[in-house]
Amino acid sequence: MRVGDFANLSCRRSRNTNDSTQDSRQHSLHSCSQMGDDKINNLSHVIVRGNATGFAQEIQIGSHRLTGDEPVSSGGTDTGPSPYDLLLAALGSCTSMTISLYARRKGWPLEEVTVLLSHSKIYAADCAECETREGRVDRIEREIKLTGQITAEQRSKLMEIADKCPVHRTLTSEIDIRTKEKAAG
């Protein structure tokens, strides 16, 4: 089965499911309407393959190829970023793109955006603003450096816009992940 076949099969399935929300249906239809025979909508389709003997993974996102792995200290071979590194990269790139787009549309003289991120697990008791009270929670620290001749008011607005990036909104909203086995063959 070619990658395009997998994408088209997924598209047909998403059209036939009984989604309970309008947003889910609209996303599925939008994703399917933009797919060609051999094209994958980069927003919706990622294929990951890995040999079961180690952590290294081949990641295919449309025409892009990446490798994911774990560091040697965690039993991997360090041939690529870890899954959490990829998650941070998604948030960081989305944050930078969203801020830059907003500044361009406003005609503001923003020259560069740098986003530094880290991930850790902390005890829920150490997080005053967290709903979870027991166990551990994930914490992502995000620092944003804005370069350019922008005013304090513009900087403040751009920092507000950072929280409106689609990946940030996804990570801070309810997420429904549906897992099913795909038959070999």
- Could you rank the peptides 171-184, 134-147, 90-103 by their average count of other C-beta atoms within 10 Å per residue, with the highest value first? 90-103, 134-147, 171-184
- Looks like the range 66-112, by Cα gyration tensor root eigenvalues a ≥ b ≥ c and the a/c under 1.5 rounded cutoff (else prolate when a/b is bigger than b/c, oblate otherwise), is prolate
- Query: Using the Kirkwood radius built from alpha carbon pairs, what does the Stokes-Einstein equation give as D for the range 103-146 at 25 °C and 0.890 mPa s, in µm² per second?
  - Reply: 190
- Task: For the range 130-144, just list the computed ³J(HN,Hα) in residue order, Karplus coefficients 6.51, -1.76 and 1.60, θ = phi - 60°, integers in Hz, with x standing in for Gly and Pro.
- Result: 7, 6, 5, 10, 10, x, 10, 10, 7, 10, 10, 9, 10, 10, 10
- Task: Quick one: order CYS127, CYS165 by neighbouring beta-carbon count within 10 Å, fewest to most.
- Result: CYS127, CYS165
- Message: Between the range 157-185 and the range 114-153, what is the separation of their alpha carbon centroids in Å?
- Response: 17
- Item | Per-selection Kirkwood Rh - the range 81-185 (Cα, Å, 1 d.p.) | 15.9
- the range 83-171, dipole about Cα centre (Lys/Arg Cβ +1, Asp/Glu Cβ -1), debye to the nearest 20: 320
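We did not get these values from a lab; they are worked out from the coordinates using the rules stated. Given the structure is predicted, the values throughout are model-derived calculations rather than measurements. With ideal geometry, Cβ positions are generated from the backbone for all residues, glycine too; neighbour counts draw on all protein chains shown.
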